[in-house]
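Okay, structure first, notes after.
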Amino acid sequence: MAENNEMEKYAEDFEDRIRTIGVLTSGGDAPGMNAAIRAVVRTALSKGLKVRGIRRGYHGLLKEEIIDLSARDVSDTIQRGGTILQTARCKSMRTEEGQQKAAAICKKYGIDGLVVIGGDGSFAGAQKLANLGVNTIGIPGTIDLDIACTDYTIGFDTAVNTAMEAIDKVRDTSTSHERCSIIEVMGRDAGYLALWCGIANGAERILMPEEHDYDEAAIVADIKECQKRGKKNYIIINAEGIGDSINMAKRIEEATGMETRATILGHMQRGGSPTCKDRVYASVMGSMAVDLLLQGKTNRVVGYKDGKFVDFDIEEALAMKKSVSQYQYDVAKVLAL
């Protein structure tokens, strides 16, 4: 009986602290964000909380684009790509004035806890709000997989599968025309999409920001050697952070005599219905974010590490460094022989 009384008092204490949860998506959109939003809304409502959606990320927060969300509002959204709350970049959140205004608006609308779905830049904003008294939890949402504290980020699985399928199609036509194809994938300054596609698509070369010293002359020599062996295509996966795919194609064609085309996949990688993994993991992370707020936690990031869903201090998470697997990269080179 005493234990039950303590649990009830514990719940009442946090109920006094958290009554309304806000949720926003910030930075680049990623497939699976809607699953996370849906999970935040329905988990919070199931625990007797109110939920307010903030449209267009921090930009919308500063413009007070805040709406109430019901369970019906997130119905039929889990399979949709993008974000129903929309997203935007916001330079004002990098300023002290913008941060203080954002915190004041949260208090004005009674938002006791805020769930921020986005990348490192979004977490930096969440950290500032936590320091100003707004309970914040971050959820990693980025197709780049470049957040060091987690092995999984919402959207990567869908994006890499979208890119893989597109590259398969390019290889078909590349083989028919006996071409070299340079296919540029997204990832900004991170090469995870390029590395995974390079292995999955059996690419002859993978160019990543983490491997800046790639040797174009060696690529030319390898293409010529492949031509001698009768190989009918040559696939180069080029990361966005390297870029210059069109000019690279011109240089390689001139040096090898092999018809070379550049294909930039671009923002198609951000769209589309999320995979099962992105739906399930995003849902678990969304629910966990609400639970963390109800436990009295703030300034935390939800992550997936070593097969478990965990949480980290935002400052600790932002300080972590991440690099691509050298072993995976070496495997890709061996398999391309």
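The values are calculated or read from the model by the stated rules, or taken from the named source; none is laboratory data. Note that the structure is predicted; figures quoted are calculated from it, not measured. Don't worry about glycine lacking a Cβ; one is built from the backbone with ideal geometry, like all the others, and counts go over all protein chains shown. Side chains are part of the model used for accessible areas, which takes the heavy atoms of the whole protein and leaves out ligands, DNA and RNA. Shrake-Rupley method; radii C 1.70, N 1.55, O 1.52, S 1.80 Å.
Helix content alone sets the calculated 222 nm mean residue ellipticity of the chain: runs of n ≥ 4 DSSP H residues at -39500 (n - 2.57) each, divided across all residues, give -14000 deg cm²/dmol.
Within the accessible surface of the chain, defined with a 1.4 Å probe on protein heavy atoms only, the carbon and sulfur portion equals 48 percent. Once the Cα atoms are used to define both axes, helix 326-335 deviates from the longest principal axis of the chain by about 30 degrees.
Between the amide H of residue 51 and those of 21, 69, distances stay under 5 Å, these residues lying 5 or more places away or on another chain, with hydrogens modeled in the peptide plane.
When +1 charges are put on Lys and Arg Cβ atoms and -1 charges on Asp and Glu Cβ atoms, the dipole computed for the chain relative to its Cα centre reaches about 840 debye. Once backbone amide H atoms are built at 1.01 Å from N, residue 304 has 151, 152, 310 as its partners under 5 Å, excluding neighbours fewer than 5 places away on the same chain. The residue among 158, 62, 336 whose Cα reaches farthest toward the positive pole of the charge dipole of the chain, with charges on the beta-carbon of Lys, Arg, Asp and Glu, is 62. Among the trypsin sites (Lys or Arg not before Pro) within the stretch 276-320, those in coil by DSSP and having at most 16 neighbouring Cβ atoms inside 10 Å are 297.
The charge dipole of the stretch 164-208, taken about its Cα centre with unit charges on the Cβ atoms of Lys, Arg (+1), Asp and Glu (-1) only, comes to about 60 debye.
Beta bridges per DSSP, both residues in the chain: antiparallel share near 20 percent.
Remark: the chain carries 46 Å² of accessible area per residue (probe radius 1.4 Å; ligands, DNA and RNA excluded). The calculated FRET efficiency for residue 70 paired with residue 188, based on their beta-carbon distance and R0 = 25 Å, is about 0.10.
Here is the link list: 128/308; 228/250; 107/322; 63/305; 91/277. Which ones come out longer than 24 Å on Cα distance? Flagged as over cut-off: 128/308; 107/322; 63/305; 91/277.
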